[in-house]
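Novice: The structure's right below; bear with me while I get my questions together.
The values are calculated or read from the model by the stated rules, or taken from the named source; none is laboratory data. Being a predicted model, the structure only gives us computed values, none of them experimental. Positions of Cβ are generated from backbone atoms using ideal geometry, with glycine treated the same way; all protein chains shown enter the neighbour counts.
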Amino acid sequence: MNRDYLSSYLFPNSCIGCEQPVSKQDPYRNFCLHCYSLLECIDFSISRCVFCNERGGGICSKCQKSSHILGISSAVSYSNPLAQSLIRSIKYPPYLQKLAEPLGVLLAQRIVESFSTLPHSKNWAVVPVPLHKTRFRLRGFNQAELIARSLAIQLDIPIKTDIIKRLKSLKPQALAQSRSQRMKLQKSHIFAPASQISAPNILLVDDVITTGSTIKSCALALHSAGAKNIWAACVSH
Ligand SMILES: [Zn+2]
Ligand SMILES: [Zn+2]
């Protein structure tokens, strides 16, 4: 099916933030200018290390070594109310899966702006953070995978969903525990390699990154699967 036809079918000309009409020629396509400005896409950057909170932004050199993750890009701050409501609308009722596509586009724009060397098809793969199979069955889809698929199309990089698997499903109360308790979870090896990887460079994608314990566990599994260089990307941090 023609992609333009598909996107015009999925996204009639209205803003996904406020449902006001949006011109097809609008550079931000799925958002009106007002909502796009609310997403603070242009000037959002991570000011402290996502793992240890050290000043300096992204991932500090010490944590790069221990996590195998060389850098991180996030499109929007999670304190942004519009970003929160868009992501919640995908993960929880009404499960608006179609919102993953424009969020993937937004994240791709952010990556293009923030990475000094752009990832390109050769030697790269996009890997979404997997859901546990029980959670996948309940929800029917993995929101990180939907966002990663949209991102992969934008960056023209293949997506791989069979490299790592999730061994444990975190209960919602586990997510609400303190930072130190959540950091301990990273030691419990939530993810494991499922097959050997062919591309040495990985763009690991999640919808939201909070303490970084999930991506750290993913990165360890990816490293065991043969990944050499890992970068992380999320819609919101
Ligand atoms: Zn709007
Ligand atoms: Zn650090």
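Novice: May I ask you to list the residues in region 195-222 that are within 14 Å of Ser67 (Cβ to Cβ) and part of a loop (DSSP other than H, G, I, E, B)?
Specialist: Those that are within 14 Å of Ser67 (Cβ to Cβ) and part of a loop (DSSP other than H, G, I, E, B): Ile209, Thr211, Gly212.
Novice: Shifting gears a bit: Of the residues Leu39, Leu33, which single one is in contact with a strand residue (DSSP E or B) (Cβ under 7 Å, 6 or more places away or on another chain) and within 16 Å of ligand 1 (Cβ to nearest atom)?
Specialist: Details: Leu33 fails: in contact with a strand residue (DSSP E or B) (Cβ under 7 Å, 6 or more places away or on another chain).
That would be Leu39, the only listed residue that is in contact with a strand residue (DSSP E or B) (Cβ under 7 Å, 6 or more places away or on another chain) and within 16 Å of ligand 1 (Cβ to nearest atom).
Novice: Then there's this: Give, as residue ranges, the helices (runs of 4 or more DSSP H) completely inside region 1-108 that count at least 3 residues that are modelled with pLDDT under 90 and either of a type in the set (Gly, Ala, Ser) or away from ligand 2 (no atom under 16 Å from the Cβ) (or both).
Specialist: 3-10, 33-38, 81-91
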